[in-house]
Amino acid sequence: MHYVSTRGAAPELDFADVLLAGLARDGGLYVPASWPTLPDGSLERFASMSYADVAVEVMWPFVEGSIDADVFADIVAAAYATFDAAEVVPLTDLGDGLWLAELFHGPTLAFKDVALQLVGRLFDHVLGQRGERVTIVGATSGDTGSAAIDACRDRAAIDIFVLHPHERVSEVQRRQMTTVLADNVHNLAVRGTFDDCQDLVKALFADTEFRDRRHLSAVNSINWARVMAQIVYYVTTAARLGAGGSRPVAFSVPTGNFGNVFAGYAAQRMGVPISQFVVASNRNDILTQFLTTGAMTIGEVHPTLSPSMDIQVSSNLERLLFELFGRDGTAVAELMSRFRAEGTVALEPDRLDLLSEHWTGTRVDDEGTTRTIRALHERTGLFVDPHTAVGLAAAEQSRRDADVPMVVLATAHPAKFPDAVEAATGVRPPLPTHLADLFDRPERYDVVDDDVAVVRDVIDDTLG
Ligand SMILES: *Cc1c(COP(=O)(O)O)cnc(C)c1O
């Protein structure tokens, strides 16, 4: 498979180069040159196969030509062996055709593990083959950081720097990052928001001299390999719910950077019958605005109970825009530069119509989030974390067809956000045993200003 940039002015790359490159040199994001489709009968077959076996089949067209088939199968098996559920992504029936797909059974309790446990191993493999070393730089609103750190810790060919917004992530989230004392792991707390962290990472990548000298690489959600790994659970979930007989499925996706829900779009393009995507946002509702009006205006980031969704500019939306513009990279580049310059942009109504058929944007505020956590607990005894609750509330509000199963992606374990869950239910969900002593472990991190020169110097000083 070859990959092209959404801005149309970067060289085409193969999978291994896209994996290591992250952002394209023209500022765009890499996407496959064409969408592969699942052979007829795949969904029926997948319904009775293991997650890892389905994962190999679904992802193979995207990596073919870059990685040996046996090696790839071993890497996938090792990645999903770290999960504490045999199904990897178990489904829970909530009644009334509503389902939870539990994406939080990996080592750091959030859905980021599904992609990053694979991506860390792919990096290791490709770098090992090439005899190279990289410096991974990433921004996190909380969950990506710990998942990336867990996936990269102690890997010989990788140094990892993770920028998180100082005092804007939960204590569990911070400690899951800062208590990893491996020599190759470096945590920077930035005095700013997640968007500031993300802008710092973009600025580091835009500094070509620094980027080349340090072999910068990214594992945040702009990395195509992450999106690719996330396609798999849309496929396995749809297969289990009978989509093989062409019965459609709907998904409600708690959304921040749009990587997760874009993977759903990819699954749909590959032939999974998905009839509706509910893009669930918290008070930071730029995506709800966009999907309802076609216009996007950058606003201030408001802290909410679901911090991993406290994002105004969703990087992966560019991948969907690329498709909406008929894969015209020049048009996307023009739109994005206007958005950057003016802070606002609007789609023509006919382009918005292309979206309305399958896409719904729904906003859920903190009060609705808390009410949803409480109501589900009262009705079923189950806990959901605040991100999942946003998805669940949005699913209930915006479901179009009661006969179509609606799957809410449960993106974090409730114990990752114990304060919000306790405030809603009166009960504090316990951490799983492997993290029970998290609050006793020593932490290590540096607090830095929101200034690219400062961050660059910290990285240079650390690496020598
Ligand atoms: C990252 C994250 C999200 C948002 O996912 P995107 O792919 O950025 O849209 C939602 N919920 C949780 C718990 C997350 O960690």
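All of the numbers you see were taken from the coordinates with simple rules; none came from a lab. Nothing here was measured: the structure is a model prediction, and the numbers come from that model. For neighbour counting, all protein chains shown are included, and Cβ atoms are generated from backbone atoms with ideal geometry for every residue, glycine included.
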Computed label-point distance, nm, for sites Ser337 and Asp26 using a 7 Å Cα→Cβ extension: 1.1
Per-residue HN-Hα couplings for region 155-168 [Karplus 6.51, -1.76, 1.60; θ = phi - 60°; Hz; x = Gly/Pro]: 7, 4, 9, 10, 10, 10, 10, 10, 9, 10, x, 4, 6, 10
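For the chain, calculate the relative contact order in percent as a whole number, restricting contacts to Cα pairs under 8 Å that are 6 or more residues apart.
Details: 924 pairs, mean separation 89.3, N = 464.
With pairs under 8 Å counted, the relative contact order is 19 percent.
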Residues with amide H under 5 Å from that of Val4, placed H, sequence gap 5 or more: Val31, Ala33
Contact order relative to length of region 189-301, as percent, for alpha carbon pairs under 8 angstrom and 6 or more apart: 21
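Only loop residues by DSSP count here, and only those with at most 13 other Cβ atoms within 10 Å; note down the GluC sites (Glu not before Pro) in region 273-329 that meet that. Mind dumping the intermediate values first?
Numbers: sites: Glu300, Glu318, Glu323; in loops: Glu300.
Here the sparse-neighbourhood loop sites are Glu300.
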Within the chain, helix-based [θ] at 222 nm, where runs of 4 or more DSSP H residues each add -39,500 (n - 2.57), nearest 500: -13500 deg cm²/dmol
Cα gyration tensor shape of region 404-464, rounded if a/c is under 1.5, else prolate or oblate by comparing a/b with b/c: prolate
Ranked list, fewest to most other Cβ atoms within 10 Å of each Cβ, for Val408, Val56: Val56, Val408
For region 426-441, Karplus couplings with θ = phi - 60° (6.51, -1.76, 1.60), whole Hz, Gly/Pro x: x, 10, 9, x, x, 6, x, 4, 5, 10, 4, 9, 3, 7, 9, 7
